[in-house]
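See structure below.
The values are calculated or read from the model by the stated rules, or taken from the named source; none is laboratory data. This structure is a prediction, so every number in the text was calculated from the model and none was measured. Because the Cβ atoms are built from the backbone with ideal geometry, glycine has one as well, and the counts that use them run over all protein chains shown. Note: accessible area is taken over every heavy atom of the protein model, side chains too, but ligands, DNA and RNA are not part of it. Shrake-Rupley method; radii C 1.70, N 1.55, O 1.52, S 1.80 Å.
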Amino acid sequence: MPRPIHAVVHQPALANNLEVARRCAPDSRIWAVIKANAYGHGIRRAFAGLRAADGFGLLDLDEAVLLRDLGWQGPVLLLEGIFQPQDVALLEQYRLTTVLHSEEQLRMLELARPKGPLAVQLKMNTGMNRLGFHPDQYRTIWERARALSCVGSIVHMTHFSDADSPRGIEHQLAVFDAATANLPGEASLANSAATLWHPKAHRAWVRPGVMLYGAAPTGRQADVEGMGLQPAMSLQSELISVQDLQPGDTVGYGSLYTAERPMRVGVVACGYADGYPRHAAGWGDKPAPVLVDGVRTRLVGRVSMDMLCVDLTPCPKARVGSPVTLWGQGLPIDDVAEASGTVGYELMCALAPRVPTTVAMLTAPDQPGNTGD
Ligand SMILES: *Cc1c(COP(=O)(O)O)cnc(C)c1O
């Protein structure tokens, strides 16, 4: 028998969340961001759920090639552009749209002089200070890029540092709009947070990632309450043992949890080697939530490599074999992330390869964009 842990990727949830993004930004085209193996969901598994997108954004050439192999003919955007001169040929071969964020990348195109026409997204650093050209040089760089015979279209692009927090986007938007004033071309600005909360940033394209997977950009599920997002990944397991504790008994490595009264503790086949965060609190007053038999309870003690323990007080009928939900349907991944000092993004991306993963498929044949192979 395999260990009872498994994950499910819900294609209908992905399709639903893409629709939510469309409703948020009805006049924009959508780059569905599927970097990091579709935020841990698996590009192969996520693709059918997201194929109503207008394009896909990712990082690795391998991921782009996989998408072509899956039959995707539409736009594919390399969010960090190319990494070395040899990559220029692949842009042509696979018809990839590339971000151009540095002098080095521009020089690769100038030297390789491919035939083109290449679709380019020229990235401006408006304050994130990660990738992109300084606003003062942007126009000059744009002119150099436009002068290249291999460059077909140029979309203006930037990325927000605070679209999910009180600082907001105004300061970056002002820089962007000033630097692109009277330059022709479309723009692409909004991540999930700006797609959800900053309509001013909805230009020709938006680039949602995490919201497509049903998590909140802020890491607090309450912030997307009522938006209709559904969790695209669930992580499930079972109880493989039950212990009866007496007051004073402790649980797990480091004895971080001490029973104050007689209680039953369930042992779940899931640990940090499966991608469950070791930092999840199994002590204190904000412990990580877990569902046992559909009932919300809490983690107790330190998460170990292959197991974690839960308080069975609210679920007296639970026994070996009872189903456990670590996150997903009925338990927002954000809630687990919050109790672990991180965000849902990190948890989904860290789902371990050893966890067998199945797909809940789209069945409605008449949904737009998801028919076909
Ligand atoms: C990851 C990424 C996104 C998507 O961000 P979310 O917060 O997941 O919506 C958008 N644009 C760029 C350039 C990115 O790297």
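Which FRET efficiency value, to the nearest 0.05, is calculated for ARG113 and ALA52 with the Förster distance at 41 angstrom and r the Cβ-Cβ distance? The partial results should precede the final answer.
Numbers: r = 36 Å, r/R0 = 0.89.
Computed FRET efficiency for ARG113 and ALA52: 0.65.
Once Rh is set to the Kirkwood radius over Cα pairs, what Stokes-Einstein translational diffusion coefficient, in µm²/s, holds for the range 286-350 at a temperature of 4 °C and a viscosity of 1.567 mPa s? The partial results should precede the final answer.
On the way: Rh = 12.3 Å.
Using the Kirkwood radius from Cα pairs, D works out to 105 µm²/s.
When DSSP beta bridges are limited to those with both residues in the chain, what percentage is antiparallel, rounded to the nearest 5?
Values: 29 of 57 bridges.
Approximately 50 percent, going by the DSSP bridge assignments.
Before rounding to the nearest 500, sum -39500 (n - 2.57) across all DSSP H runs of length at least 4 in the chain and divide by the residue total; then give [θ] at 222 nm in deg cm²/dmol.
Values: 11 runs with 95 residues, N = 373.
Computed mean residue ellipticity for the chain: -7000 deg cm²/dmol.
For TYR94 and ALA350, calculate 0.36 nm times their separation in residues minus their Cα-Cα distance, and state this gained length in nm to one decimal. Don't skip to the end; give the middle numbers.
Working: separation 256, 0.36 × 256 = 92.16 nm, distance 2.86 nm.
Here the segment from TYR94 to ALA350 would lengthen by 89.3 nm.
Mind giving me the FRET efficiency for THR258 and SER161? R0 is 35 Å, r the Cβ-Cβ distance, nearest 0.05 is fine. Don't skip to the end; give the middle numbers.
Working: r = 42 Å, r/R0 = 1.21.
That pair, THR258 with SER161, gives E of 0.25.
Compute the accessible area per residue over the chain, keeping the other protein chains in place, probe 1.4 Å, unit Å². Walk me through the intermediate numbers first.
Details: 16260 Å² over 373 residues.
That works out to 44 Å² for each residue.
With a cut-off of 20 Å, note down the residues of the range 328-351 whose backbone N falls inside the zone around a label point 7 Å from the Cα of HIS279 toward its beta carbon.
Label zone hits: 328, 332-351.
Tell me the relative contact order for the chain as a rounded percent, counting alpha carbon contacts under 8 Å between residues six or more apart. Please list the in-between numbers first.
Details: 845 pairs, mean separation 69.7, N = 373.
19 percent.
Run down the aspartates and glutamates and flag those whose C-alpha is under 20 Å from the C-alpha of LYS317, throwing out any fewer than 8 positions away in its chain.
Of all the aspartates and glutamates, those that pass the test against LYS317 - Cα under 20 Å, at least 8 places apart if same chain - are GLU238, ASP244, ASP293.
How many nm separate the modelled label positions at THR250 and VAL320, each set 7 Å beyond the Cα in the direction of the Cβ?
Here the modelled spin labels are 2.7 nm apart.
Taking the range 43-105, which trypsin sites (Lys or Arg not before Pro) meet the DSSP loop condition and have no more than 15 other C-beta atoms within 10 Å? Don't skip to the answer; put the middle values down first.
Values: sites: ARG44, ARG45, ARG51, ARG68, ARG95; in loops: ARG51, ARG95.
Within the range 43-105, the qualifying trypsin sites (Lys or Arg not before Pro) (loop, at most 15 other Cβ atoms within 10 Å) are ARG95.
Enter the angle in degrees (range 0 to 90, nearest 10) between the Cα long axis of helix 170-180 and the first principal axis of the Cα atoms of the chain, meaning the one along which they spread out most.
Relative to the chain, helix 170-180 is tipped by roughly 20 degrees.
With N set to the number of residues, divide the alpha-carbon radius of gyration of the range 46-89 by 2.2 N^0.38 Å and report two decimals. Each step should come with its number before you reach the end.
Working: Rg = 10.9 Å, N = 44, 2.2 N^0.38 = 9.3 Å.
Rounded to two decimals, the normalised Rg is 1.18.
Which whole-percent values make up P(r) of the range 175-277 when all C-alpha to C-alpha distances are grouped in 5 Å steps starting at zero?
With a bin width of 5 Å, the distribution comes to 2, 9, 12, 12, 10, 9, 10, 9, 6, 5, 4, 4, 3, 1, 0.
Considering all alpha-carbon pairs of the range 233-360, what whole percent are spaced by more than 21 angstrom?
Numbers: 2577 of 8128 pairs.
Looking at the range 233-360, the distances longer than 21 Å represent 32 percent of pairs.
Given the protein chains as shown and a 1.4 Å probe, how many square angstrom of GLU103 are accessible, to the nearest 10?
About 50 Å², ignoring ligands and nucleic acids.
When the chain is fully extended, how far beyond the present Cα-Cα distance does ASP177 get from VAL242, taking 0.36 nm per residue of separation?
Details: separation 65, 0.36 × 65 = 23.40 nm, distance 6.06 nm.
Once the chain is fully extended between ASP177 and VAL242, it gains 17.3 nm.
Binned at 10 Å from 0, what are the whole-percent values of the Cα-Cα distance distribution for the range 77-165, short to long?
In order of increasing distance, the bins hold 18, 54, 23, 5, 0 percent.
How much of the pair distance distribution for the range 11-214 lies past 20 Å, counting alpha-carbon pairs only, in percent? Before the final figure, lay out each step's value.
On the way: 11322 of 20706 pairs.
More than 20 Å apart: 55 percent of the Cα pairs in the range 11-214.
Would you work out the relative contact order for the range 11-214, in percent, from Cα pairs under 8 angstrom that are 6 or more residues apart?
Working: 387 pairs, mean separation 45.0, N = 204.
The value is 22 percent.
Given the convex hull over the Cα atoms of the chain, what projected area results after averaging over all orientations, in nm²? Intermediate values should be presented prior to the final figure.
Details: hull surface 81.4 nm².
Over all viewing directions, the chain projects a mean Cα-hull area of 20.3 nm².
Against the longest principal axis of the chain, how steep is helix 103-112, in degrees 0 to 90 to the nearest 10, with axes from Cα atoms?
Helix 103-112 sits roughly 60 degrees off the main axis of the chain.
Once ligands and nucleic acids are excluded and a 1.4 Å probe is used, how much of GLU19 is accessible, expressed in Å² to the nearest 10?
80
In the range 11-214, what percent of the accessible surface is made up of carbon and sulfur (1.4 Å probe, ligands and nucleic acids excluded)?
On the way: 4110 of 8150 Å².
Of all accessible area on the range 11-214, carbon and sulfur atoms account for 50 percent.
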